[in-house]
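For reference, the structure discussed in these notes is given below.
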Amino acid sequence: MPPPPYEDYALAKAAVRAARDVDSARFSTTTMHKAEEAFRKGEKSFKDNDFEQAKRFFVRSKELAESAENATRLKKFKNGDTFP
């Protein structure tokens, strides 16, 4: 059995939080929804001790959340909003 993916869990959680902080749910709705969904699935897999699956979900969640955050920042910049 692989070790628990603590680092991936923490990184995904931080990425989702950062994306929420810049209002990605409003500016990058679909990507943010997918990031949150992957994170929830990762948490469930983690609780079920399926660490390999949990790691995959957390890595995907982090990638999606970062993408949502970047898209949101770009949209805000193009609209003349300042970066938070």
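The values are calculated or read from the model by the stated rules, or taken from the named source; none is laboratory data. Because the structure is a prediction, the values reported are computed rather than measured. So basically every Cβ, Gly included, is an ideal-geometry build from the backbone, and we count neighbours across all protein chains shown. The protein model used for the area step is the full one, side chains on, heavy atoms only, and it has no ligands, DNA or RNA in it. Shrake-Rupley method; radii C 1.70, N 1.55, O 1.52, S 1.80 Å.
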- Qualifying positions in region 32-58 - in contact with a helix residue (DSSP H, G or I) (Cβ under 6 Å, 6 or more places away or on another chain), open to solvent by less than 70 Å² (accessible area, probe 1.4 Å) and either β-branched (Val, Ile, Thr) or more than 12 Å from Arg20 (Cα to Cα) (or both): Ala38, Phe39, Gly42, Ser45, Phe46, Gln53, Ala54, Phe57, Phe58
- Every listed condition ((1) surrounded by fewer than 13 Cβ atoms within 10 Å (Cβ to Cβ); (2) modelled with pLDDT of 95 or more; (3) among the aliphatic types (A, V, I, L, M)) holds for Leu74 save (2)
- Please tell me if Ser67 is polar (S, T, N, Q), open to solvent by less than 70 Å² (accessible area, probe 1.4 Å) and either closer than 20 Å to Asp21 by Cβ or out of contact with any helix residue (DSSP H, G or I) (no Cβ under 7 Å at 6 or more places or on another chain) (or both). yes
- Message: When the residues of region 1-31 are narrowed to those that are of a type in the set (Ser, Thr, Tyr) and more than 11 Å from the chain's Cα centre (by Cα), which ends up most open to solvent (accessible area, probe 1.4 Å)?
- Response: Tyr6
